[in-house]
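S.K.: Structure provided below as C-alpha cells; questions to follow.
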Amino acid sequence: MKRFSKGNFNNLAIKASRKLRSILRKLRVNLILILKQHRGAGQISLGLVFGLFPCWFPTFGVGVAISLGLARLFRGNLTASLLMASAGSVLWPVLFFMNYKIGKRLRQLFTGEDGNWRMPLTFKDYWPDDYVEPAEDINSWADTGIDFLIGAMFNSVVMSVLLYIVSRIILSRYRLQLLRKLRVNWRWRHK
C-alpha cells in the first residue's frame, strides 16, 4: 500500500489544481460561446430554463437528454441547456431538499396546521399491532413522497419562470459587457 508522503500529497494537489483550472477554462469557453451567438436572448433563456427543468425531478441519469430534447423541441439554445443541465446535476441534492421542504410547507398551508390530510385508521382497534405500525410507516412514507412531488412541481414551474425572466433581462441588457469582461479576464490570465 502506498503511503502518502509530502511529495505525493503535493503532486495530488497540483493535479487537482490543474483539473480545476481545466474545468473553469471549459466553463468560461462555453459561456463565451453562448454570449457570442447571434441568437436572441429569448432562445438562450429558453435553453437555460429547459436545462434546469428536469433537474427538479429524479430522472435517473437521463436528465441531460431530457433537457436537450426539451430545448430542441421549444427551439432553445442547446449549449445553454447542456450547461445548465450540467450545473443542475451537481446541485440535485440541494434541489431535492428544497422540493421536500417547500412541498411540506405548501401541504401544511393548504391542509391546516399539522398537515394531516389522510383519514386516520378507523379500524385501529380491530387490527393487530403487527399490522397497524407498518401501515402508519407506509402512510408517513407516502406523505414524504407527496411532499416531494408537490415541491418538485411548484419549484420547477416557479423557478423556470423566474430563471427565464432574470436571464432574459441580463442577456438583453448586459450581454456585451459580460462578453467583454470574460474576454478581458481570459486575455489577462493567459499572457
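The values are calculated or read from the model by the stated rules, or taken from the named source; none is laboratory data. From a predicted model like this one, the values you see are computed outputs, not experimental measurements. Surface areas here come from the heavy atoms of the whole protein model, side chains and all, with no ligands, DNA or RNA. Shrake-Rupley method; radii C 1.70, N 1.55, O 1.52, S 1.80 Å.
S.K.: Heads up, I need the accessible area for S89: 1.4 angstrom probe, whole protein in place, Å², nearest 10.
M.R.: S89 has an accessible surface of roughly 60 Å² with all protein chains in place.
S.K.: What order do V184, V158 take when sorted by accessible area (1.4 Å probe), most exposed first?
M.R.: Largest accessible area first, the residues go V184, V158.
S.K.: Continuing with the same structure: Just the number please: accessible area per residue for the stretch 17-110, 1.4 Å probe, all protein chains included, in Å².
M.R.: On the way: 5730 Å² over 94 residues.
The answer is 61 Å² per residue.
S.K.: Turning to a different aspect of this structure: Sort L24, L179, L109 by heavy-atom solvent-accessible area, probe 1.4 angstrom, most to least. Before the final figure, lay out the partial values.
M.R.: Details: L24 95, L179 20, L109 125 Å².
Order by accessible area, largest first: L109, L24, L179.
S.K.: OK, next. How big is the gap, in Å, between the Cα center of the stretch 147-179 and the Cα center of the stretch 36-93?
M.R.: 11
S.K.: Students sometimes get this wrong: rank W92, W141 by accessible area, probe 1.4 Å, all chains present, largest first.
M.R.: Numbers: W92 130, W141 180 Å².
Correct descending sequence by accessible area is W141, W92.
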